[in-house]
Amino acid sequence: MSKPATPNDVETETPREEPGEAAVEAVVRLEAEVADLKDRLLRALAETENLRRRAERDVSDARQYAVSKFAADLVGVADNLERALASVPAEARRGSAVLKTLSDGVALTGKDLMQVFEKHGIRRIEPLGERFDPHLHEALFEVADPSVPSGTVSTVVSPGYAIGSRPLRAAKVGVARGGPAAAADGG
């Protein structure tokens, strides 16, 4: 039979050890590993969020600009409708009911086309009197006109079109020169 343990026996059986250098190093190593993993997790989350935002922007751009090539092709149709209307003198339209009906039909078709353009975010660029912008305008010639600031669009040969912030076709314009210097765009 074994004898019952006394309080002195218990203390000697399980002596309390102070943490050694190995244990402290292990804790420091594990804390560094946790910090590294936390940093990597935060970076991965940030990268995922950036990827999500980029994908949303790409989808939005695709929706907005998907019709760009098709719309650019239709711009020529709009021009031809305007030319057809301009080719029939007003006196001829007043003198002939058939020409008036045809002209009205062409005008309504042009108006419908402009409404479809507007519905899809395509806008007409009419830059007369605006400062020349090489991103939206194509200068065909210069006009000596001292009455307007130099660099101002003084003649529009053909209007331009844009979808969103991107030009489909630059407006073909004549630019004034010889007037006072145009005021710089300060905001």
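The values are calculated or read from the model by the stated rules, or taken from the named source; none is laboratory data. Keep in mind it's a predicted model, so treat the numbers as computed, not measured. Backbone-built Cβ (ideal geometry, glycine too); neighbour counts: all protein chains shown. Keep in mind that these areas ignore ligands, DNA and RNA; they rest on the heavy atoms of the full protein, side chains included. Shrake-Rupley method; radii C 1.70, N 1.55, O 1.52, S 1.80 Å.
Observations on the model:
- Table column - 3J(HN,Hα) (Hz), the stretch 81-86, Karplus curve with 6.51, -1.76, 1.60, x for Gly and Pro: 5, 5, 5, 4, 5, 5
- Fraction of accessible area attributable to carbon and sulfur, the chain (%, probe 1.4 Å): 58
- Under Karplus coefficients 6.51, -1.76 and 1.60, residue-wise ³J(HN,Hα) of the stretch 30-37 in Hz, glycine/proline x: 5, 5, 5, 5, 4, 4, 5, 5
- Projection of the Cα convex hull of the stretch 92-146, averaged over all directions and equal to a quarter of that hull's surface, yields 6.7 nm².
- Computed over the Cα atoms of the chain, the ratio of the radius of gyration to the Kirkwood radius (Rg/Rh) comes to 1.59.
- Extension gain, V77 to H135, is 18.6 nm, computed as 0.36 nm per intervening residue step minus the present C-alpha separation.
- Extension gain from T109 to A86, taking 0.36 nm per residue of separation minus the Cα-Cα distance: 6.8 nm
- Per-pair calculated FRET efficiency, R0 = 41 Å: T155 and Q64 via Cβ, rounded to 0.05: 0.85
- Local electrostatic count at R43 - Lys and Arg +1, Asp and Glu -1, tallied over other residues with Cβ under 12 Å: -2
- Normalised by the number of residues in the stretch 72-187, the mean separation of alpha-carbon contacts (under 8 Å, six or more apart) gives a relative contact order of 24 percent.
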